[in-house]
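Some notes on the structure that comes next.
The values are calculated or read from the model by the stated rules, or taken from the named source; none is laboratory data. Everything quoted here is computed from the prediction, not taken from an experiment. Every residue, glycine among them, receives a Cβ derived from its backbone with ideal geometry; neighbour counts consider all protein chains shown. Side chains are part of the model used for accessible areas, which takes the heavy atoms of the whole protein and leaves out ligands, DNA and RNA. Shrake-Rupley method; radii C 1.70, N 1.55, O 1.52, S 1.80 Å.
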Amino acid sequence: MKQPHIVALGGTLRPTSGTAAALERALGHAAMLGARTTLLTGPAIDFPNYEPETASGNARIQSFLRALRDADGIIIGSPGYHGTLSGLVKNALDHVELLRRDDRVYFDGMPIGIVATAAGWQAAVATMTTLRTVAHALRGWPTPVGVAINTVEDGAIDKADGQLRLMVEQMIGFITR
């Protein structure tokens, strides 16, 4: 079997994004389990608003789509903004529509890890639930373990490390079965 490729997408435009830190941690676990990894966060997913007629001509969007096409599993991470995913992450996911005519439509049959961060449990859990719904809509298989992180707590990413590891183990197990 080929080396699995895990792509993580999400985060914010802030260099100190808690979501990006959580995605990096998850990809670290994936690498330790033998996966190739790609992180798409901040400027790598900062696209113009989704417009199907013009999106395919954007080189950054094409690079994003190439990474998704090559992926065996996806981790989607978003901060909780007003109880749901951020516009940045939603817009990036809207561009997945450009995969609708591929042999593997959207995320069909792939394991999808979900990570949501927020300054409070309510927004983190609500965002995680919404991301699961989006993953289903894109034909992906969300892992049983999703990770909600309350970034107000000291050492929140460290505290979530075991859950992040378990989520990635579930993804790799799904891919290699």
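General observations
- The one condition in (1) open to solvent by less than 30 Å² (accessible area, probe 1.4 Å); (2) in contact (Cβ under 8 Å) with a residue 60 or more places away in the chain; (3) under 13 Å from the mean Cα position of the chain (by Cα); (4) more than 18 Å from His5 (Cα to Cα) that Gly113 fails to fulfil: (4)
- The set of residues from the stretch 139-149 being crowded, with 19+ Cβ neighbours inside 10 Å and not small (Gly, Ala, Ser) comprises Pro142, Thr143, Val147, Ile149.
- Of all the criteria given as (1) aliphatic (A, V, I, L, M); (2) farther than 22 Å from Val96 by Cβ; (3) open to solvent by less than 30 Å² (accessible area, probe 1.4 Å), the one not satisfied by Leu131 is (2).
- Positions within the stretch 81-92 being touching a helix residue (DSSP H, G or I) at 6+ places or on another chain (Cβ under 6 Å) and open to solvent by 10 Å² or more (accessible area, probe 1.4 Å), in sequence order: Gly83, Thr84, Leu85
- Every residue from the stretch 1-40 that is touching a Lys or Arg at 6+ places or on another chain (Cβ under 9 Å), part of a helix (DSSP H, G or I) and of a type in the set (S, T, N, Q): none
- Positions within the stretch 41-80 being open to solvent by 30 Å² or more (accessible area, probe 1.4 Å) and part of a loop (DSSP other than H, G, I, E, B), in sequence order: Asp46, Pro48, Asn49, Tyr50, Glu51, Ser56, Gly57, Asn58, Asp72
- Selection over the stretch 11-32 of residues that are at pLDDT 95 or above and surrounded by fewer than 16 Cβ atoms within 10 Å (Cβ to Cβ) gives a count of 3.
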